[in-house]
1. Go through (1) open to solvent by 80 Å² or more (accessible area, probe 1.4 Å); (2) within 30 Å of LYS134 (Cα to Cα) for ILE36 and report which single condition fails.
2. Pick from ARG11, ARG79: which is charged (D, E, K, R), open to solvent by 60 Å² or more (accessible area, probe 1.4 Å) and over 24 Å from VAL129 (Cα atoms)?
3. For GLY68, are the conditions met, namely being over 30 Å from ARG130 (Cα atoms) and surrounded by fewer than 12 Cβ atoms within 10 Å (Cβ to Cβ)?
4. Tell me, which helices (runs of 4 or more DSSP H) wholly within the stretch 1-70 include 1 or more residues that are more than 16 Å from ASN85 (Cα to Cα), touching a residue at least 24 places away in the same chain (Cβ under 8 Å) and of a type in the set (Val, Ile, Thr)?
5. State yes or no: is SER87 farther than 26 Å from LEU6 by Cα and of a type in the set (Gly, Ala, Ser)?
6. Which members of the stretch 40-50 meet the condition of being touching a helix residue (DSSP H, G or I) at 6+ places or on another chain (Cβ under 7 Å) and of a type outside the set (A, V, I, L, M, F, W, C)?
7. List the residue pairs whose Cβ atoms are under 8 Å apart, where the first residue sits in the stretch 97-118 and is farther than 27 Å from LYS134 by Cα, the second is surrounded by 10 or more Cβ atoms within 10 Å (Cβ to Cβ), and the two are 6 or more positions apart or on different chains.
8. Considering only residues that are under 20 Å from ASN98 (Cα atoms), out of contact with any Asp or Glu (no Cβ under 7 Å at 6 or more places or on another chain) and either among the hydroxyl-bearing types (Ser, Thr, Tyr) or in a strand (DSSP E or B) (or both), which ones fall in the stretch 75-87?
Amino acid sequence: MDNQPLEKRVREAGLRPTRQRVALAELLFAAGDRHISAEQLHEEAEKSGVPVSLATVYNTLHQFTEAGLLRIVQVEGTRTYFDTNTSDHHHFFLEDDNRVFDIPSGPVRVSDLPEPPEGTEIVHVDIVVRLRAKRR
C-alpha cells in the first residue's frame, strides 16, 4: 500500500509522520471503519512485522485521538476501544465477544439532557448498548 496519503493525513493532523505512526495508521485505516483496542492493534502490528511496543501503540492511539483521527469508545472503566469513524454515532457492545460495532443511524434519540454547569457546554453524548446472547 502507498503510504503517501497516510503520511499526509498524519501530518495534516499536526503530527510528525514517523515510521511507526504511519505503519500503525496503515493498520488502523486500511480496512475502513473499525473499532479496535490497543492490545488488538499491537497484536496486528506484531503479526505484520511492525516492531512497536504496546506503550507506543497506546501513545499513538491517544495522539491520533487528540488530533481528531480517532474517537474513543469507553465500554468499561478498563476497556477502551478506538473508533476510526469520528462522526456522531452510537455503539453496541457484545459482552460475549468483547466486540464493539456501530448502531445503525436513525432510531436512537437523546432528549431531555440536563443543563450543563455554568461555563461548560455539551460536546457529545455517547450511548453504548450492552448486548449478550440470550440465556435459556
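The values are calculated or read from the model by the stated rules, or taken from the named source; none is laboratory data. Worth saying up front: this structure is predicted, and the values here are computed from it rather than measured. Note that each Cβ is placed from the backbone with ideal geometry, even for glycine, and that neighbours are counted across all protein chains shown. Ligands, DNA and RNA are excluded from the accessible area calculation, which covers all protein heavy atoms including side chains. Shrake-Rupley method; radii C 1.70, N 1.55, O 1.52, S 1.80 Å.
1. Exception for ILE36: condition (1).
2. ARG11
3. Values: over 30 Å from ARG130 (Cα atoms): no; surrounded by fewer than 12 Cβ atoms within 10 Å (Cβ to Cβ): yes.
Against the criterion (over 30 Å from ARG130 (Cα atoms) and surrounded by fewer than 12 Cβ atoms within 10 Å (Cβ to Cβ)), GLY68 does not qualify.
4. Numbers: elements: 4-12, 19-29, 38-47, 54-66.
It comes to 54-66.
5. Considered against the rule, which asks whether it is farther than 26 Å from LEU6 by Cα and of a type in the set (Gly, Ala, Ser), SER87 comes out as no.
6. Within the stretch 40-50, HIS42, GLU44, SER48 qualify.
7. LEU113/ILE122; LEU113/VAL125; PRO116/ILE122
8. Result: VAL75, GLU76, THR78, ARG79, THR80, TYR81, PHE82, ASP83.
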